Structure formats: C-alpha cells, structure tokens
Amino acid sequence: LLLGLPRLSAIWSALLAATLVALSIAVYWHLFAEYLILLSPILVSFTILTTYLAGSAAHFLITEKEGRFVRNAFGLYLAPTMVEKLASNPEELVLGGQERELTVLFCDIRGFTSLSEGMDPTQLTTLLNDFLTPMTTVLLKNGATIDKYMGDAIMAFWNAPIGQDNHRELGCQSLLDMRKGLVELNMVAPKPINIGIGLNTGPCCVGNLGSHQRFSYSAIGDSVNVASRVEGQTKFYGLDNLVTEASLPNQEAFAVIEIDSVAVVGRSEPLNIFTIIGDKALGETAQFKAFKLEHQELISLYRIGEIDRAQKALDRSRELAKTIHPLAKLYDLYQERLDLLNTNGLPDDWDGVYRSTSK
C-alpha cells in the first residue's frame, strides 16, 4: 500500500486499500471455514486503514509543497490562470532544459537614451514602471511567459512551460494589443514613447537555466537570437514591429505586408520579414487589399531587379499607404536603393537580399 500510494490517484489508492481490507477478511474467513483457525481481521484492517490515511496525508502534503513551489517559481512571470494550470499539472514542468518550438517576442523603447536625458533616477524608474506594467499586463493576458526585463526591454515567449497550439496567434495579437496600450500610455506620459517589437518562432532550449547558486526559467537558442535581431531592425525600417515568416499563423489572420528579405547580423541565411499593420478586419477591407497588392508588386519587382517597374510600383504604394499606415521611412529606404541601382546598375551577384551590418 505504501509503495502504491505515491504512484496512484486518490481513487485508485482508496480502491487498493479497500481491496486489501476485503482480501484480509476473506483470508481469515477461509482459515476459519476450512481449518477452524480463528483469527480476528480487525487489527489487520485497522493497520491498512491507518496506513492509507497516513500515506494519503503525506502524499497530499508533498503535492501541496510541489504546488507552492510552482506558484512561487512562476507567479511573477506567468498569468495567474497559467500558474494554477501548471500547479495542477506539475508533470508538465520539466526541470532543466528541453527543446520546444517557441514564439519569442522582444520589445524595446526606441531612443531610450534621448528619452531619459534630464531625468533623475527616480523619474526614470517611474517612467520604466509606467511602461513595463501595461505591456506586461497585455502579455500575461495573452498567455505569455515573461522571461526577463533588460532595462527598457522585455523578452517573453509562448508555448512553455504550458503547451499552446495557437502560440503564433497569441504572439501576433499581443503585438497589436501592446501597440494599443502604448497609445493609451502616451496620452498621460510626460514624453511620448516609441517602441520596436520583434517576433520569431522556432526551436529553443527552455527550462531552468543558470547556475547552482542562481537560476531562472528562460529560453536560449538561435531562434531567440533571431527574434532579438529582428527587433533591432525595426528602427532601420521605421516600423514599430517586424515579424518573421515563421511567426505568422497565416497571412489572412492579420493585416500583414512583407517588408524585405534580410540577412541579420550573425546569420548568412536570409529571412523574409513582415510587419503587422492591423487585425483581420482591416485585412479584409478592399482598401487594404488594393494597397497590399501594389506593395507586394514593389517587393517582387525589386527582388528580380526590374528597377523601372519597381519605381512605378513604389510611387503607387506610397500614395495608397497614406491612408493605411505610416510607411514613409520604409519607402524612402526603397527609393534610396532604387536610385543607387539606377546609378550603378545591378550587381552580378544580385539576389535582392539586404545584408544588415548592425544589430
């Protein structure tokens, strides 16, 4: 019974104890009926019952202790509902590290050095807290795990420690909700805050990482690095978000346009990056569809080196974008590229990929 209690559920443990009591009564009855040996089953039944109660109490205390550990460990960077789900199913938490596909988000304040100029430490702390709190609220509401805060930056991910089949959708929706939360924050903020968000999905090692003296639940791997690099490119393109193709559930779920094919620092393999302009409702409007069609024409012509046709598509896209989304810096960038190609001609090794030189 003691061996079985830790391995069985409460119902099966009770059934095991009842079976043992019934078996002892049956054996003693058989001894009396067949051999006239009279033994009382009361002591044995009492021993089994006492063992069951004591073992169940000990198992409950151990389980409760594991639940408290999970709540304490994850309560500060998981949504309360996720913590309770994990506490109820601690077997889903594998201590150490495991490989899992994650959707990873990095968010950073643009121009933080200039923004904080002239602020004393107390004012700066208040500014950061006022920014991080609503952003964190959005992420937790959408089921994210907060990995860490790095000054003015946030790293979060989905699909661990609890599996989430819709982790891509959750990441993309969080991006839009964070943008909305920033608009509300800027209504009362002493200085306007601009952010850049990067999103990438791929295999990562996730678990309790660190040293014997100090560790935290975190994720590492190439996919995490890519998410960070993509976030860093938002300033270059003049956008508040960039998303890799792997993070898009499908291009119809949100209003999405392709931005570029870029080889980020540290990677030779190019990535197709996109920006999320709005939700599905915007994506289904005729106005957006017309704009997206013209914009994609620009991207396609640029990649195959059709400079003159790409220029015309750029002019049309710039005009259509005025009522859709602020993309002036992006189109200025493409204008510079087209002007350079017009002057110097297409390189022999032209592949339409931009190779980033900064993080």
request  = Please give the contour-minus-distance gain from I62 to F46: 0.36 nm per residue of separation, less the Cα-Cα distance, rounded to one decimal in nm.
outcome  = 3.3 nm
Ordering of 148-157, 99-108 by packing [mean C-beta count within 10 Å, highest first] = 99-108, 148-157
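Could you work out Rg/(2.2 N^0.38 Å) for the range 170-266, with Rg from alpha carbons only?
That ratio works out to 1.26.
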request  = Set the Förster distance to 41 Å, then compute FRET efficiency between N272 and T122 from the Cβ-Cβ distance, nearest 0.05.
outcome  = 0.40
task = Kindly report, to the nearest 10 Å², the accessible surface of L38 as traced by a 1.4 Å probe over protein heavy atoms only.
result = 140
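To two decimal places, what compactness ratio does the range 270-354 give when its Cα radius of gyration is scaled by 2.2 N^0.38 Å?
Numbers: Rg = 13.6 Å, N = 85, 2.2 N^0.38 = 11.9 Å.
In units of the globular-protein estimate, the range 270-354 measures up at 1.14.
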message = As a quick test, which of the pairs K65/K180; K180/K292; K191/K289; K180/K289 have an alpha carbon distance above 31 angstrom in this structure?
response = K65/K180; K191/K289
key: Among G238, Y217, Q251 - extreme Cα towards positive end, dipole of the chain, charges at beta-carbon   = Y217
Structure-derived semi-axes √(5λ) of the Cα gyration tensor in Å - corresponding label in [x] 40, 25, 23; [y] 41, 23, 19; [z] 60, 23, 18 = [z]
note = Averaging 1/r across every pair of distinct alpha carbons in the range 200-345 and inverting yields a Kirkwood hydrodynamic radius, in angstrom, of 16.9
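How would you order 248-254, 296-302 from highest to lowest mean count of nearby Cβ atoms within 10 Å? Mind showing how you got there, number by number?
Working: 248-254: 15.9, 296-302: 18.9.
Packing order, densest peptide first, comes out as 296-302, 248-254.
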request  = Please report, as a whole percent, how much of the solvent-accessible surface of the chain comes from carbon and sulfur atoms (probe radius 1.4 Å).
outcome  = 60
At 0.692 mPa s and 37 °C, Stokes diffusion of the range 19-75 via Kirkwood alpha-carbon radius, µm² per second = 236
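The values are calculated or read from the model by the stated rules, or taken from the named source; none is laboratory data. As the structure is a computational prediction, the values presented were derived from the model and not from experiment. Counting neighbours? That spans all protein chains shown, and the Cβs are built from the backbone with ideal geometry, glycine included. To get the accessible areas, we keep the full protein, side chains included, count just its heavy atoms, and leave off ligands, DNA and RNA. Shrake-Rupley method; radii C 1.70, N 1.55, O 1.52, S 1.80 Å.
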